[in-house]
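Worksheet for the structure shown next.
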Amino acid sequence: MGSTAITLADLPNIFIMIGALVALFVMLVILLRNMEVIGIMGEGREDAWGQTMQPPRLLMQRVHIPFTFKLEENAPIGYNGVNCVVSSTVRYWHASWWGAPVRELHRTLWGSLAEILASNNFHFTKSSPHDEQPLNLATEEPLQLGPPPRSCYPLVVILARDVRDTGELRPDDTVALVSVVHIRDDQCSLPSGIIAQYLKQANGHLSCLKQLYVSSELGAGAEGYETGEGAEALCCVCASQPLSRALLPCRHACLCASCLPKLDKCPICRSVITSYFCIRNDDEPLQRMRTVQEKNSQHKRHNLQL
């Protein structure tokens with residue numbers, strides 16, 4: 001009878017086989033644990049993420065801004081003239097600061113409203129509430145700010161509440177809107193435009209405004225989503241529910257509450273969703289949808305009776 005004993009010569013082969021099996025097992029475990037990430041199951045799956053995998057929601061607070069400031073469309077921008085459009089629902093003061101040093105500007109803005117209005121860097125002009133009106137700003141001669149990176153802004157425009165109207169403000173109410181305007185020149189080819197805007201609140205906080213990119217999907221033909229003010233923007237995934245979630249860090253507002261848990265990447269730019277915040281009350285569109293659908297049902301019953 002033959003012997004089945006393992007000799008020393010067989011040990012290296014056995015270790016190699018054991019190592020291969022262990023490596024295969026580890027690779028299988030890694031693949032199973034990361035199926036969601038590498039896309040084997042896909043992002044359009046109907047089962048939602050586990051509770052621990054959902055991106056965290058950031059709580060946002062609505063802030064009323066009594067001012068608007070924008071550059072006039074298709075108008076040339078230069079040191080000899082910057083055409084703006086301004087509106088305000090309150091009495092206010094407005095001023096411009098040409099060639100504003102960055103550090104000095106922020107040092108001024110961190111002061112109180114009274115300190116900002118008393119600053120020697122601004123020469124304020126008083127205005128009453130009004131709808132959109134043109135405002136032309138100009139300097140006598142072009143500024144020499146040097147090549148980038150620069151330590152000065154070409155133009156800063158501030159709209160600030162009248163101090164007499166700040167007695168009954170809440171801490172989070174806006175008292176000033178600050179706009180930083182870049183003017184293209186020979187040494188800096190960055191396109192002219194508003195490059196930053198800041199909100200000064202009654203509690204002293206200074207916040208930087210960020211643009212929100214809203215999906216262009218509109219439900220003009222979707223039953224139950226038409227309003228007297230026009231069509232609502234719809235979720236770009238299901239195209240049936242009003243969008244209500246803005247994604248971070250990309251700031252694309254493109255999803256509804258139902259579709260958000262099914263995705264881990266923004267459907268527009270493909271960046272990973274790290275968090276989100278709500279841009280509308282979830283109960284609001286549902287209630288509006290029920291109201292419109294009830295009206296449609298009543299209208300159909302009325303036609304049947306006729």
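Of Lys265, Lys200, Lys210, Lys70, which has the most accessible area with a 1.4 Å probe, and how do the rest follow in descending order?
Lys210, Lys70, Lys265, Lys200
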_11 Å beta-carbon shell around Leu143, net charge (K/R +1, D/E -1)_ = -2
*Using modelled amide H (1.01 Å from N, peptide plane; none on Pro or chain starts), what sits under 5 Å from the amide H of Gln241, excluding residues fewer than 5 places away?*
Cys235
*Which net charge results when you count Lys and Arg as +1 and Asp and Glu as -1 among the other residues whose beta-carbon is under 12 Å from that of Gln201?*
+1
*Take each of the peptides 54-65, 98-109, 118-129, 148-159, average the number of other beta-carbon atoms within 10 Å over its residues, and list them starting from the highest.*
148-159, 98-109, 118-129, 54-65
_For segment 58-71, Karplus couplings with θ = phi - 60° (6.51, -1.76, 1.60), whole Hz, Gly/Pro x_ = 9, 7, 10, 10, 5, 10, 8, 10, x, 10, 10, 9, 8, 8
*Report, by chain and number, residues whose modeled amide H sits under 5 Å from the one on Leu135, excluding near sequence neighbours (fewer than 5 apart, same chain).*
Cys84, Val85, Val86
_Give me the net charge for the shell around Trp93: Cβ to Cβ below 14 angstrom, other residues only, Lys and Arg +1, Asp and Glu -1._
+2
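The values are calculated or read from the model by the stated rules, or taken from the named source; none is laboratory data. All values reported here derive from a predicted model rather than from experimental measurement. Every residue, glycine as well, gets a Cβ built from its backbone with ideal geometry; the counts of neighbours run over all protein chains shown. When the accessible area is computed, the model is the full protein with side chains, heavy atoms only, and any ligands, DNA or RNA have been set aside. Shrake-Rupley method; radii C 1.70, N 1.55, O 1.52, S 1.80 Å.
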